[in-house]
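Take a look at the structure set out below.
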């Protein structure tokens, strides 16, 4: 059984964060483990508050995993402050993690920054160079580079700039572009690859970024190449969104259907 580890925040509503990661990894055939960096109080209507986990307990969780359950891939999500970013980056380097998927959770759905600039800088300097795959959406990529993205050419330019920060593979997700199709762009250090699916008219998209990044990590843990892991994850998240409305969970932005294949 291949194993994947998520290092992220807990979502009490179950739609995103650690909970979404575990569901996504499990649905994609790997044993999921977790290190919780923060605990949020949230539901489909929004986030009511959160508290950071003390650094010593984050470190203890990571050490416990690597002492006994060495993961075949690791995914990071919400790292809510500069010290957490620094600690997680140090521990991943200490344990020589190769299959690292970094979901740079930096911007809320409404566009508000979730991280102070100091934390973003630490992420760029300490975590990005360790990432096999970085998975920003459009607002996050704009936040990282300071550049506005309004076209396919802009997407390519930003991918190149992020790659220059030491990232081996940049997956820029184009769901925020507003076009009839959702096109994600993968830059592998030498070539660009596009993954395009029809846009689905639904409000139930909570946790899509967490879910897709975790599906990529699951694919890498299972031995897939980066391209094949991204391709499989793109197909998986498309189905999870297609079947999201079937669940009728919450009165706000509901979660995707992680187990759409189970009836």
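The values are calculated or read from the model by the stated rules, or taken from the named source; none is laboratory data. Quick caveat, the model's predicted, so the values are computed rather than measured. Cβ: placed from backbone, ideal geometry, glycine included. Neighbour counts: every protein chain shown.
For the reader, a short list of remarks on this structure follows.
- Here the stretch 33-46 is the region considered, the condition is being surrounded by 17 or more Cβ atoms within 10 Å (Cβ to Cβ) and in contact (Cβ under 8 Å) with a residue 60 or more places away in the chain, and the residue that is nearest to residue 61 (Cα to Cα) is 43.
- Yes/no for residue 162 being closer than 20 Å to residue 234 by Cβ, in a helix (DSSP H, G or I) and without any contact (Cβ under 8 Å) to a residue 40 or more places away in the chain: yes
- Boolean, residue 84 is closer than 26 Å to residue 144 by Cβ, touching a helix residue (DSSP H, G or I) at 6+ places or on another chain (Cβ under 8 Å) and in contact (Cβ under 8 Å) with a residue 60 or more places away in the chain: no
- Residue list for the stretch 248-263, filter: without any contact (Cβ under 8 Å) to a residue 60 or more places away in the chain, surrounded by 16 or more Cβ atoms within 10 Å (Cβ to Cβ) and over 17 Å from the mean Cα position of the chain (by Cα): 260
- Hits in the stretch 56-80 - residues which are out of contact with any helix residue (DSSP H, G or I) (no Cβ under 9 Å at 6 or more places or on another chain) and without any contact (Cβ under 8 Å) to a residue 40 or more places away in the chain: 56, 57, 60, 61, 64, 67, 68
- Among residues of the stretch 164-199, those that are surrounded by fewer than 17 Cβ atoms within 10 Å (Cβ to Cβ) and closer than 19 Å to residue 227 by Cβ, counted: 7
- Residues located in the stretch 2-20, provided they are over 15 Å from the mean Cα position of the chain (by Cα) and either within 20 Å of residue 100 (Cβ to Cβ) or part of a strand (DSSP E or B) (or both): 2, 3
- Wholly within the stretch 21-101, strands (runs of 3 or more DSSP E) carrying at least 3 residues that are more than 19 Å from the chain's Cα centre (by Cα): 46-52
- Some residue of the stretch 206-224 being farther than 17 Å from residue 101 by Cβ, within 16 Å of the chain's Cα centre (by Cα), touching a residue at least 12 places away in the same chain (Cβ under 8 Å) and buried (at least 23 other Cβ atoms within 10 Å of the Cβ): yes
- Taken together, the residues in the stretch 165-202 that are part of a loop (DSSP other than H, G, I, E, B), under 20 Å from residue 106 (Cα atoms), in contact with a strand residue (DSSP E or B) (Cβ under 6 Å, 6 or more places away or on another chain) and at pLDDT 95 or above amount to 1.
- Selection within the stretch 122-140 - surrounded by fewer than 20 Cβ atoms within 10 Å (Cβ to Cβ) and in contact with a helix residue (DSSP H, G or I) (Cβ under 8 Å, 6 or more places away or on another chain): 124, 126, 139
- Boolean, residue 228 is assigned to a loop (DSSP other than H, G, I, E, B) and either surrounded by fewer than 24 Cβ atoms within 10 Å (Cβ to Cβ) or out of contact with any helix residue (DSSP H, G or I) (no Cβ under 6 Å at 6 or more places or on another chain) (or both): no
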